[in-house]
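Read the structure below first, then the notes.
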Amino acid sequence: MTARSHPPFRADHVGSFLRPGYLLEARDQFFNQKSISAEQLRLVEDRAITEIVKFQADVGLQSITDGEFRRTYFHIDFLEQLGGVKTDIPVTIVKPDGTEELAPPVIRVIDKVRHTKNIQLADFQYLKAQVEALGRPGLTPKVTIPSPTMLHFRGGRAGISKTAYPELDPVFYDDVAKAYGEELQSLADAGCTYVQMDDTNMAYLCDERMREAARSRGDDPNELPHRYAQFINKVVDHKPAGMTLAMHLCRGNFKSTHAAAGNYEPVAEALLSEMKLDAFFLEYDDERSGDFRPLRFLSKDKIVVLGLVTTKFGQLETKDALKRRIEEAAKYAPLDQMCLSPQCGFSSTVHGNNIAMEDQRRKLALVVETANEVWGSA
């Protein structure tokens, strides 16, 4: 087994990090107290990003994100900047047993979807500059954006304007793919070579409750994964040369709660065989995700990143346990087509998971050390 010189790396990660207290304070001053300007907030974000870039490099990671420190929500902040899209804030529901669950936001398409501006460009340029300032070889700036499937799954046909799109296929899917392609091209022109699309919907289609919700909207949950594979492939058709395009399947990650559970089997073939993406980040941190058998569908030219280390709780996994799980996964897909990561980000929303800063560091160090022992270091 060998280390990898291009993404995804043997030790990788999903992207978001716990926000430092001074950044949360500045956000409160801007959004709630209205006591600082947008320019002042951005300067605080710049400082926090400079620190988190060094943190990632120091812990031994090769893929470097900005921690999503400029975002409130991993998906809304991007999607609402596409022309024709309207989003609403998600809410937390307290269930009868006292536990909390995230109610997904409403995302509606109210007009033709189009790319009206370069959404991530300035943020990427700052990230790239901070990575280069470290002067360390082998580091790759990584951009995370929400998956385009979110523009369909949450509302189905009813969430997409019939005036703008009397028929969805092919015009709606083509418009969205073109918008994403223009965003990817703007990033590539600035030197970006690694983009990850965060997708809850394929993971939600593993959960019978979510599948039933899809049926109630008039969608067939058995057909949707294959339709989404075609949808994603339209985006891949616009992918700039030299760019790695990955997908992270998220089962919900809001203040250490989750929204979906279930084996990957219902979506595995569409995901791992039909999608033309370069890599897949799959959550496998506990029994919610089922066994590794779905990995048998992994195409020979793809990489699967096993999310075996939880970001939801501080208890640290052991190297031996991680190695045993990697060995189990290798019964269904080649070990050389695998990498290791935490199951999700540490702070998919500004609120963050219920985990300490030090636990965040320890978990990432564990991923790096385990990957080096399993696959070797460069």
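The values are calculated or read from the model by the stated rules, or taken from the named source; none is laboratory data. Quantities reported herein were computed from a predicted structural model and do not represent experimental measurements. In this analysis, Cβ positions are derived from the backbone assuming ideal geometry, glycine residues included, and neighbour counts consider all displayed protein chains. Keep in mind that these areas ignore ligands, DNA and RNA; they rest on the heavy atoms of the full protein, side chains included. Shrake-Rupley method; radii C 1.70, N 1.55, O 1.52, S 1.80 Å.
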Check: Going through region 163-185 one residue at a time, which ones are aromatic (Phe, Trp, Tyr) and within 22 Å of the chain's Cα centre (by Cα)?
Finding: Tyr173, Tyr180
Notebook entry, point to check: With respect to the numbered conditions (1) more than 20 Å from the chain's Cα centre (by Cα); (2) under 19 Å from Thr200 (Cβ atoms), which one is the sole condition not fulfilled by His115?
Noted result: (2)
Check: Which members of region 343-367 meet the condition of being out of contact with any helix residue (DSSP H, G or I) (no Cβ under 6 Å at 6 or more places or on another chain), surrounded by 21 or more Cβ atoms within 10 Å (Cβ to Cβ) and modelled with pLDDT of 95 or more?
Finding: Gln360, Lys363, Leu366, Val367
Next item on the list: Kindly provide the set of residues from region 299-319 that are polar (S, T, N, Q) and either buried (at least 24 other Cβ atoms within 10 Å of the Cβ) or more than 21 Å from Glu274 (Cα to Cα) (or both), ordered by number.
Entry: Thr310, Thr311, Gln315, Thr318
Check: Among the residues of region 200-218 satisfying the criterion of being assigned to a loop (DSSP other than H, G, I, E, B) and open to solvent by 20 Å² or more (accessible area, probe 1.4 Å), which is farthest from Gly155 (Cα to Cα)?
Finding: Gly218
Checklist line | Subset of region 1-13 (residues that are modelled with pLDDT under 95 and either assigned to a helix (DSSP H, G or I) or surrounded by 17 or more Cβ atoms within 10 Å (Cβ to Cβ) (or both)) | finding: Arg4
Next item on the list: Test Asn222 against the criterion of being open to solvent by 10 Å² or more (accessible area, probe 1.4 Å), within 22 Å of Leu282 (Cα to Cα), of a type outside the set (Asp, Glu) and in a loop (DSSP other than H, G, I, E, B), and give yes or no.
Entry: yes
Next item on the list: Would you check which residues across region 303-345 are among the polar types (S, T, N, Q) and over 15 Å from the mean Cα position of the chain (by Cα) and list them?
Entry: Gln315, Thr318, Gln337
Next item on the list: Scan region 327-350 residue by residue and report those that are small (Gly, Ala, Ser) and closer than 19 Å to Lys363 by Cα.
Entry: Ser341, Gly345, Ser347, Ser348
Next item on the list: Given the conditions (1) open to solvent by 10 Å² or more (accessible area, probe 1.4 Å); (2) in a strand (DSSP E or B), report the number of the one that Lys234 does not fulfil.
Entry: (2)
Margin query: Condition check: surrounded by 21 or more Cβ atoms within 10 Å (Cβ to Cβ), over 29 Å from His238 (Cβ atoms) and at pLDDT 95 or above. Does Leu322 satisfy that?
Written below: yes
Next item on the list: Looking at (1) at pLDDT below 95; (2) open to solvent by 30 Å² or more (accessible area, probe 1.4 Å); (3) in contact with a helix residue (DSSP H, G or I) (Cβ under 6 Å, 6 or more places away or on another chain), find the lone condition where Lys255 falls short.
Entry: (3)
Margin query: Checking the structure you have, find out if any residue of region 168-190 is open to solvent by less than 70 Å² (accessible area, probe 1.4 Å), of a type in the set (Lys, Arg) and outside any strand (DSSP E or B).
Written below: no
Check: What is the one condition in (1) in contact (Cβ under 8 Å) with a residue 60 or more places away in the chain; (2) under 21 Å from Leu277 (Cα atoms) that Ala188 does not satisfy?
Finding: (1)
Check: How many residues does region 267-289 contain that are open to solvent by 10 Å² or more (accessible area, probe 1.4 Å) and in contact with a helix residue (DSSP H, G or I) (Cβ under 7 Å, 6 or more places away or on another chain)?
Finding: 4
